[in-house]
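Enquirer: One structure coming up, written as C-alpha cells, with questions to follow.
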Amino acid sequence: MIDTIKEHIVQVEKFSATSVQEIESFRIKYLGKKGLLNEFFKEFKNVPNDQKKEFGKTINKLKVLAAEKVSTLKETLEEKGDEKSVNGDLTRPGEPLELGSRHPISIVKNQIIDIFSRIGFNVSEGPEIEDDWHNFTALNLPEHHPARDMQDTFFIQTDPDLLLRTHTSSVQVRYMENNKPPIRTISPGRVYRNEAISARSHCFFHQVEGLYIDKDVSFADLKQTLQFFTTELFGKSKIRLRPSYFPFTEPSAEVDVYWGLETETDYRMTKGTGWLEIMGCGMVDPNVLENCGIDPKEYSGFAFGMGIDRIALLLHQISDIRLLSENDLRFLEQFKSAF
Ligand code: DAH
C-alpha cells in the first residue's frame with residue numbers, strides 16, 4: 001500500500017495541466033470527498049502499528065503536494081489568461097502619449113517666418129555675441145553718438161569691442177556684407193538690453209529684422225509689405241506710419257496697427273486709442289549701404305524690426321513677459337493646441 005502512495009507522489013509531482021477542467025479533475029481525484037487521499041486515510045486503521053508512523057507521513061506528504069499542485073497550476077493559468085486578455089482587448093484605452101508643445105515665442109516666430117517666406121524672404125541668422133561694428137558703427141551709430149543710449153548695452157568685460165547684441169539689426173549688416181542684392185531676408189533672434197525686469201520688459205527678448213534691397217525700392221513697397229504682414233498675422237489691414245528716428249534708416253517710421261476698441265482688453269492694451277505700436281521701420285540709410293559694400297546710387301531698400309515677445313503677449317493674451325522665460329509647465333502646456 002505504501003508503495004502505491006509513493007507512486008502517486010511521483011505522479012503528482014510530474015502532473016501539469018493546461019485547462020481549468022484538467023486541474024479540477026486532478027483535484028477531485030486526490031482531494032475530493034471520494035478521492036484517493038480519503039481512501040488512503042481509511043486504510044490507516046488496517047496498517048500494522050509499527051508501520052503507522054511512516055504510512056501517516058507518506059499520506060500527509062501526498063496530501064500537501066496535491067494541494068500545492070492545484071494552487072500553483074491555477075495561478076499560472078490565471079497569469080497566462082491575464083496576459084491574453086490584456087494584449088487581446090482592442091477596446092482598451094491607449095497608453096497616454098505625453099506630447100510636448102512649442103514655446104509661444106517659437107509659435108509666433110514661425111508664423112512670422114511663414115508669412116514673409118510667402119513673399120520671397122529667406123531666413124538669416126547672426127551671432128548673439130556681436131562686435132561694435134555690426135551692432136552700432138556700421139548702422140550709422142558711431143562711437144559717442146547719443147542714439148547709442150537708446151539701447152542700454154551689456155558689454156563683454158574682457159573685450160570692450162564685444163557686446164551682447166541689442167537688436168537684430170546687426171544681422172542686416174552681416175547679410176549685406178556677404179550677399180549681393182537683390183536681398184530679401186528676415187532675421188529672427190534673441191537680443192539683450194540692460195533694463196530692469198518687469199511685467200512689460202525683460203533684459204533679453206526676441207526680435208525679427210527684415211531687409212529688402214534692390215533697384216528702385218520705394219517707401220510704398222515698404223508700406224505694402226507691412227500691410228500684407230499685419231493682415232496675415234493679425235487679420236487687420238489698417239496701419240499707420242508715424243515719423244520717427246532710427247540712425248540706420250532715413251526716413252524712419254513707427255508702425256501702428258489699428259486693433260480696434262471692441263473689448264475692455266482692447267481699451268487697456270491700446271490706452272483707449274485703438275492703435276497698437278508693433279514695429280520700427282524705414283528706408284535703409286545710404287551710409288549703412290555704403291558701410292556694407294552696397295552702392296547707394298544703384299540700390300535702395302527698406303528695413304524693419306519688431307519684438308516677437310510683445311506680439312506673442314498680444315496674440316495669446318499673456319499678461320506678463322516674465323512668463324515667457326520662466327519655463328513653468330502650467331503655462332507652457334497651454335500652447336499644446338497651437339502649432
Ligand atoms: N533695431 C530697432 C530696435 O531694436 C528696430 C528697428 C527699427 C529695426 C527700424 C529696423 C528699422 O530695421 O528700420 O528698436
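The values are calculated or read from the model by the stated rules, or taken from the named source; none is laboratory data. These numbers come from a predicted model, not from an experiment. As a convention, Cβ positions derive from the backbone with ideal geometry for all residues, glycine included, and neighbour counts pool all protein chains shown.
Quick grid of which residues meet (1) among the small types (Gly, Ala, Ser); (2) within 16 Å of the ligand (Cβ to nearest atom); (3) modelled with pLDDT of 95 or more:
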{"site": "ASN194", "(1), (2), (3)": "no, yes, no"}
{"site": "SER198", "(1), (2), (3)": "yes, no, no"}
{"site": "GLY210", "(1), (2), (3)": "yes, yes, yes"}
{"site": "PHE219", "(1), (2), (3)": "no, yes, yes"}
{"site": "GLY260", "(1), (2), (3)": "yes, no, no"}
{"site": "GLU264", "(1), (2), (3)": "no, no, no"}
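Enquirer: Okay, moving on. Looking at LYS34, LYS69, which is the one that is exposed (fewer than 11 other Cβ atoms within 10 Å of the Cβ) and in contact with a helix residue (DSSP H, G or I) (Cβ under 9 Å, 6 or more places away or on another chain)? Spell out the reasoning first.
Expert: Details: LYS69 fails: exposed (fewer than 11 other Cβ atoms within 10 Å of the Cβ).
After applying the criteria, what remains is LYS34.
Enquirer: How do the helices (runs of 4 or more DSSP H) wholly within segment 8-118 filter down when requiring 1 or more residues that are in contact with a His (Cβ under 6 Å, 6 or more places away or on another chain) and either touching a residue at least 24 places away in the same chain (Cβ under 8 Å) or more than 30 Å from GLY305 (Cα to Cα) (or both): which remain?
Expert: Per the criteria, 49-88, 104-117.
Enquirer: Could you please find all residues in segment 284-299 being out of contact with any helix residue (DSSP H, G or I) (no Cβ under 8 Å at 6 or more places or on another chain), within 14 Å of VAL217 (Cα to Cα) and more than 12 Å from the ligand (Cβ to nearest atom)?
Expert: Answer for segment 284-299, where residues must be out of contact with any helix residue (DSSP H, G or I) (no Cβ under 8 Å at 6 or more places or on another chain), within 14 Å of VAL217 (Cα to Cα) and more than 12 Å from the ligand (Cβ to nearest atom): PRO286, LYS297, GLU298.
Enquirer: I would also like to ask the following. What are the pairs, 6+ residues apart or on separate chains, where a residue within segment 156-183 that is outside the structural domain of PHE304 (by TED's automatic domain parsing) has its Cβ under 7 Å from a residue that is acidic (Asp, Glu) and surrounded by 20 or more Cβ atoms within 10 Å (Cβ to Cβ)?
Expert: none
Here is a yes/no grid of residues against (1) more than 49 Å from the chain's Cα centre (by Cα); (2) at pLDDT 90 or above:
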{"position": "SER19", "(1), (2)": "yes, no"}
{"position": "LEU73", "(1), (2)": "yes, no"}
{"position": "GLU79", "(1), (2)": "no, no"}
{"position": "ILE119", "(1), (2)": "no, yes"}
{"position": "GLU125", "(1), (2)": "no, yes"}
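Enquirer: What are the residues in segment 300-334 that are crowded, with 19+ Cβ neighbours inside 10 Å and either over 19 Å from SER201 (Cβ atoms) or among the acidic types (Asp, Glu) (or both), if any?
Expert: Matches in segment 300-334: SER300, GLY301, PHE302, ALA303, PHE304, ASP309.
Enquirer: So VAL255 passes all but one of these: (1) without any contact (Cβ under 8 Å) to a residue 60 or more places away in the chain; (2) within 13 Å of the ligand (Cβ to nearest atom); (3) within 16 Å of LYS109 (Cα to Cα). Which condition number does it fail?
Expert: It is condition (3) that VAL255 fails.
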